[in-house]
1. Per q in 0.09, 0.11, 0.16 Å⁻¹, report the Debye log10 I(q)/I(0) for the chain, using one uniform scatterer on each alpha carbon and no solvent.
2. Going by average Cβ neighbours within 10 Å, how do the peptides 171-180, 206-215, 255-264 rank, with the highest at the top?
3. Below 8 Å, C-alpha to C-alpha, sequence gap of six or more: please give me the relative contact order for region 149-303 in percent.
4. Give me the percent of DSSP beta bridges within the chain that run antiparallel, rounded to the nearest 5.
5. Kindly put 148, 230 in sequence by how many other C-beta atoms sit within 10 Å of each C-beta, fewest to most.
6. If you average the sequence gap of Cα pairs under 8 Å that are 6 or more apart and divide by the length of the chain, what percent do you get for the contact order?
7. If the elastic network links every pair of Cα atoms under 10 Å, which of 187, 241, 92 fluctuates the most in the Gaussian network model of the chain?
8. Please find, in a Gaussian network model of the chain (springs between Cα atoms separated by less than 10 Å), the residue of 169, 109, 266 whose mean-square fluctuation is greatest.
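Only the coordinates and a few stated rules stand behind these numbers; no lab work does. Predicted, not measured: the structure shown is a model, and the values here were computed from it. Cβ coordinates were reconstructed from backbone atoms using ideal geometry, including for glycine residues, and neighbour counts include every protein chain displayed.
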């Protein structure tokens, strides 16, 4: 008898007699069963069995933090126009774990479709280090947070939180185009040197320095001096380890990977560690909202334009049709 069947039997013992015709009750049983079952990597990978009634396919992701499965499910469901049912996605852990799970699934004879999604991360600039399986989707932006923000959805949230100012006043205060443009210019050299460090597997702290390392004020603006200082620090450390010639050569390769048609901050800068924390500061300075970061993210997932997520949606449609 497998471990998960034992869990199910245990749950059944403590459930009162119910009529399973109620969809809400069935959904609650799946949720409770899954929560009790989700202990350890192997258990998380098998959680999908509890949701086969509610999902047309199984989607596995990296992020295990609270709320991220909901954010992913909302974005996917909206991008797919509700035509493919995705009630819940299943976090597995770090990128390598998801890739290993995808490889293990290749060639399986099951009729149930499984899709694995990982962040674009610094690999978008540095390049992938290993060949990836065909059932794996790499986000075309740094991480899921990079799909959550656009001008219109941000203005909607500001308008809902502000009882005094009209939308025009809020738009002027937000200055989205000016702010995101300045962010792109300021953080481009920093994330390029981050990508070089990543490519060299240097172990030097890069993205985890976070937004505080470059933040100027309570409006989420960038301190150019801080950016320059962090860039020079990492460049010096890398040069000491690998030589200036190697570092400069890799910087050129990274720069050549940048797509000029894309907004740099939206695509290549970590939404989780840089863009959204700075954006939240800006929103709070305008609306005085005290909502938590995860609440902001879930609201954005319900409002944001999903056109940028169409690449992921198309991959899922192709997997379902195969």
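1. The Debye formula, applied to the Cα set alone, gives -0.55, -0.80, -1.36.
2. On the way: 171-180: 15.2, 206-215: 17.1, 255-264: 12.5.
Peptide ranking by packing, descending: 206-215, 171-180, 255-264.
3. Numbers: 130 pairs, mean separation 51.3, N = 155.
Rounded, it is 33 percent for region 149-303.
4. Bridges in the chain that DSSP calls antiparallel: roughly 10 percent.
5. Details: 148 27, 230 20.
With the fewest neighbours first, 148, 230 line up as 230, 148.
6. Numbers: 397 pairs, mean separation 66.3, N = 322.
After rounding, I find 21 percent.
7. 241
8. Per the Cα network of the chain with a 10 Å cutoff, 109 tops the list.
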